[in-house]
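Notes for the one structure printed next.
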Amino acid sequence: MKFVLPARIFARPLSFASAQEAAAHPLAAAIFALGGVYNVFMVQDFVTVNKLPDVAWETLLEPIQKCIEDFLLSNL
C-alpha cells in the first residue's frame, strides 16, 4: 500500500526487505516492528509497504500511519 507524504522527504530511494536491513532507519524499523510486513520502500514523497498475505490491512493501516506521523514530527 502506498502512503503519500506531504512533501519530498527522501532524497534517494530506500528499500528494506527485512527488519535487519531496516534497523538503522527509524521509520522503516518502526513499520517492521508492527509485524506482518515484508518490504518497505521509500522514495521522495511516498512510502510503500508490502504485507504478508495472511495479515489484514485493517490491522496495519492505522499503526503504519502513526509511524509515519511520528517520523515526520520528529524530523521537523
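Below are the figures for this structure:
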| item | result |
| --- | --- |
| Residues that are surrounded by 13 or more Cβ atoms within 10 Å (Cβ to Cβ) and within 17 Å of Asn75 (Cα to Cα), drawn from the range 15-43 | His25, Pro26, Leu27, Ala28, Ala29, Ala30, Ile31, Met42, Val43 |
| Strands (runs of 3 or more DSSP E) completely within the chain that count 1 or more residues being of a type in the set (Gly, Ala, Ser) and in contact (Cβ under 8 Å) with a residue 12 or more places away in the chain | 10-16 |
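We did not get these values from a lab; they are worked out from the coordinates using the rules stated. Please read these numbers as outputs of a predicted model, since none were measured by experiment. Backbone-built Cβ (ideal geometry, glycine too); neighbour counts: all protein chains shown.
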